[in-house]
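Asks: Following this message is one structure expressed as C-alpha cells.
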Amino acid sequence: MIIRHLVLSLAASLLISSTCLFAQNSFTIKQDAEIMEYNPMIFGAFLEHFDNQVYGGVFSPGSPLSDEDGFRKDVIEAVKELKVPIVRWPGGCFVSAYHWKDAVGPDRQSVWDKAWQVEDPNTFGTDEFVKWCRKVGCEPFICTNAGTGTMEEMSDWVEYCNQTVGKFARQRAANGHPEPFNVKYWSIGNENWGMHELGEKSSAEWGPLVTESAKLMLSADKNIKLFAAALPSHDWTYPLLKKAGYLLDYVSIHGYWVWHDPSKTFLDCMMSTDDPEGSISTTIDILKEAGFDGKIKIAFDEWNLRGWYHPGIGDLKRGYDYVARRENDIASTYTMADAVFSACFLNTCLRHSDVVDIACISPITNTRGPIFVHPEGIVRRTTFYTMKMYANDLLPYVVPVDAKVGTISLQDDSTKVLDMILTMDKTGKKYVCAVANKDPEKDIALSIDFKGMGIKAPKKVSAKVLSGRSADDFNDIGDEHVQPFGTTLPVKDGTISIPAHSVTFLFIE
C-alpha cells in the first residue's frame, strides 16, 4: 500500500507540474533578422470611471495627500516612477453612456452612470484628465461614446480639445484653457461588439459608423490618430477594415485571461501566458488579409491577467452587486503570478513591436491595477515593479532570438517555462535580457548567446530580480516587501540560473 501510495502521489505531482528535459534551455540571436525599435507606448495604462479608480484613486479633493487640484500627489509620483507614456480614459464600458459635455465648465451636474449603475459627480472630466496627464507627463488618449453617443458628439469633443476657433474651442477657452489641449489619440468606441456594452453594434453597423465618425473627427483635427474597437475575429474586424480602414491608424483589442476565482493557482495563471500571442497573431493576419499590413497598428489598450470583478454586468434585470466590487481590493490576489504574467505579456508585445505600437494595462489605479490607493497612502503591487523594470531598464531595440526552452505543465495544458526578450542599445555593445521564469518552485538554467552578442562569456552578470518568498507572495498596506533587488548571477559554461517565479533582468556588456 505504501509503494502504491507513493506511485499515485508521484503521478499526481506530474499532472500538476513538469519541465521537459531539454539538454539546456537556450537562445541564439537571429543574425539575419531585422532589429526593431519598439514604441515605449507599450508601457501605457488605462483609467476608467469604475468603482474607486478615479474618485478615491487619482482624484481625491480634500485629502491631505492631494494637491490644490484634488489629484493625489503620491499617485502622481508613482505613475512617474512607471514612466507611463499614455493613459486611455474615460472607459471602458463607462464611456458608452458618457456625455462629455456634462463634465466641463463650472456648472456640472451629477449623472446616473448607466454602465456601472452609480452616480458620477462629473467633477473629473476632460479638463481634469488632461491636466492630470500633464502633471504625470503622459499623453492623454480619449475613448469616445460610440454606444449611446452620436458622431457629431465625438467630433465636438475633438473640437473642444484641439481647435482654436469654433463654438467648442471658445467654450474651452471660457473654461480657463485658452490654448488647445492637442489631444493626439482618439478611439471610436469601446468593445461595441459585446452584449455587455450599452449601445452594442452589429458588425454590419460598425464599419459605417466608424467611417462617418472618423470623417467628422478628422474634420475637427486632421492630425489626430484614430483607433476603433476591434476583436481578434475575422467576422468583426475584417468588415471594419474594408469599410473604414483607410481612415484608421490603429485597431484596439483587449484581453483578460483569468476571471474571479480564488482557487486559481500560480500555475493556472501561467497557462494563460501564451494567449496574448494568439490574439496578436490573429489580428495581424486579418490586417494582412484586408490589405493594411504596415499601414494600421495594433493597440492592446486594455490588458490584465485578471478580469475586473463586477458580478451582474450585462444582466440588468438582476442588478449589480456593489459590495462585491470591494473584492478587487484584496491584496493577496496580486501575487508573483500577476508580475510574471505581465512580463510575458510585455515580452509578447515587444516581439511584435513592428505591429503592436501601444498597450495599456487595465487599470492604472485600484481594481486590478498596479497601484492600490487607500486614504492613508498607496501600495505598489507586484505588477507595479514589473512595469517599472520594463519602462526603466530595457534598452530601445529588440533583438530577435531563437529560443529552445522546456515546458511546464498543468494537467493537459503546457507552456514554455521561460519567456524572454533581448534588447540592446544603438551601439550594439550593451544588452538587457528580460526573462520570466514560470516555474513556481524551480530555478531554471538558461544558456546565453554571448558569442552572438560579440561578447566573451563573463564569470558573472549584473542582474535585477523581482521575486517573492513563494509564488503566492504579495504586497499589502505597510508590508511592501516584494520588490526588485540588484544582484550578480554567476555564469557557468555560458549558463545562468534564473530564479523561480521571477522576473529577472540580465545586464550584459
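Asks: From the list ALA463, ALA434, ALA471, which one is outside the structural domain of MET271 (by TED's automatic domain parsing), touching an Asp or Glu at 6+ places or on another chain (Cβ under 9 Å) and more than 25 Å from ASN328 (Cβ to Cβ)?
Replies: On the way: ALA463 fails: touching an Asp or Glu at 6+ places or on another chain (Cβ under 9 Å); ALA471 fails: more than 25 Å from ASN328 (Cβ to Cβ).
Exactly one residue qualifies, and that residue is ALA434.
Asks: A follow-up question, please. What's the number of the condition SER202 fails, among (1) without any contact (Cβ under 8 Å) to a residue 24 or more places away in the chain; (2) crowded, with 18+ Cβ neighbours inside 10 Å; (3) of a type outside the set (A, V, I, L, M)?
Replies: Unmet for SER202, out of (1) without any contact (Cβ under 8 Å) to a residue 24 or more places away in the chain; (2) crowded, with 18+ Cβ neighbours inside 10 Å; (3) of a type outside the set (A, V, I, L, M): (2).
Asks: Here is a check on your reading of the model: is GLY294 assigned to a loop (DSSP other than H, G, I, E, B) and more than 29 Å from THR148 (Cβ to Cβ)?
Replies: Numbers: assigned to a loop (DSSP other than H, G, I, E, B): yes; more than 29 Å from THR148 (Cβ to Cβ): yes.
Considered against the rule, which asks whether it is assigned to a loop (DSSP other than H, G, I, E, B) and more than 29 Å from THR148 (Cβ to Cβ), GLY294 comes out as yes.
Asks: Another question, if that's okay. Conditions first: (1) within 24 Å of GLY194 (Cα to Cα); (2) in contact (Cβ under 8 Å) with a residue 60 or more places away in the chain; (3) small (Gly, Ala, Ser). ALA324 passes all but one, so which condition is the exception?
Replies: The number of the failed condition is (2).
Asks: Considering only region 413-467, how many residues are in a strand (DSSP E or B) and of a type in the set (Phe, Trp, Tyr)? Even if it seems obvious, please write down each step before you answer.
Replies: Within region 413-467, the first condition is being in a strand (DSSP E or B), and the residues that meet it are 413-416, 418-424, 431-437, 444-447, 460-466.
After this cut, where a residue has to be of a type in the set (Phe, Trp, Tyr) as well, the list is 431.
Summing the residues that are in a strand (DSSP E or B) and of a type in the set (Phe, Trp, Tyr) in region 413-467 gives 1.
Asks: Tally time: how many residues in region 333-343 are polar (S, T, N, Q) and in a helix (DSSP H, G or I)?
Replies: Residues meeting the conditions: 2.
Every residue, every condition in (1) among the aromatic types (Phe, Trp, Tyr); (2) within 21 Å of ILE358 (Cβ to Cβ); (3) touching a Lys or Arg at 6+ places or on another chain (Cβ under 8 Å); (4) crowded, with 17+ Cβ neighbours inside 10 Å, yes or no:
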position: LYS242; (1), (2), (3), (4): no, no, no, no
position: TYR250; (1), (2), (3), (4): yes, yes, yes, yes
position: ILE296; (1), (2), (3), (4): no, yes, no, yes
position: LYS317; (1), (2), (3), (4): no, no, no, no
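Asks: Here is a follow-up. From the set of residues in region 73-132 that are at pLDDT below 95 and of a type in the set (S, T, N, Q), which is farthest from LEU47 (Cα to Cα)?
Replies: Restricting to residues being at pLDDT below 95 and of a type in the set (S, T, N, Q), the top hit is GLN109.
Asks: A further question follows. Which of the residues spanning region 295-336 are at pLDDT 95 or above, over 30 Å from THR237 (Cβ atoms) and aliphatic (A, V, I, L, M)?
Replies: The answer is ILE330, ALA331, MET336.
Asks: Can we say VAL482 is touching an Asp or Glu at 6+ places or on another chain (Cβ under 6 Å), touching a residue at least 12 places away in the same chain (Cβ under 8 Å) and under 14 Å from THR383 (Cβ atoms)?
Replies: Working: touching an Asp or Glu at 6+ places or on another chain (Cβ under 6 Å): yes; touching a residue at least 12 places away in the same chain (Cβ under 8 Å): yes; under 14 Å from THR383 (Cβ atoms): yes.
Yes; evaluated as a whole, the condition is true for this residue.
Asks: Where in region 164-283 are there helices (runs of 4 or more DSSP H), lying wholly inside it, with at least 3 residues that are more than 24 Å from the chain's Cα centre (by Cα) and basic (Lys, Arg)?
Replies: Working: elements: 167-174, 203-220, 234-244, 266-270.
Per the criteria, 167-174.
Asks: Restricting to region 226-243, give me the number of residues that are of a type in the set (Gly, Ala, Ser) and over 19 Å from VAL95 (Cβ atoms).
Replies: Residues in region 226-243 being of a type in the set (Gly, Ala, Ser) and over 19 Å from VAL95 (Cβ atoms): 1 in total.
Asks: Just checking: which of the strands (runs of 3 or more DSSP E) contained wholly in region 344-406 hold 1 or more residues that are at pLDDT 95 or above, among the polar types (S, T, N, Q) and under 18 Å from TRP257 (Cα atoms)?
Replies: none
Asks: Being within 30 Å of ARG368 (Cβ to Cβ) and either free of Cβ contacts under 8 Å to residues at least 60 places away in the same chain or surrounded by fewer than 13 Cβ atoms within 10 Å (Cβ to Cβ) (or both) is the filter; apply it to region 485-509 and report the residue that is nearest to the chain's Cα centre (by Cα).
Replies: Step by step, filter region 485-509, then rank; the result is PHE485.
Asks: Now a separate question. For LEU209, work out the one condition from (1) surrounded by fewer than 18 Cβ atoms within 10 Å (Cβ to Cβ); (2) touching a residue at least 40 places away in the same chain (Cβ under 8 Å) it doesn't fulfil.
Replies: Among (1) surrounded by fewer than 18 Cβ atoms within 10 Å (Cβ to Cβ); (2) touching a residue at least 40 places away in the same chain (Cβ under 8 Å), LEU209 violates only (1).
The values are calculated or read from the model by the stated rules, or taken from the named source; none is laboratory data. Everything numeric here is computed off the predicted structure, so don't read it as measured data. Neighbour counts run over all protein chains shown; Cβ positions are idealised from the backbone, glycine included.
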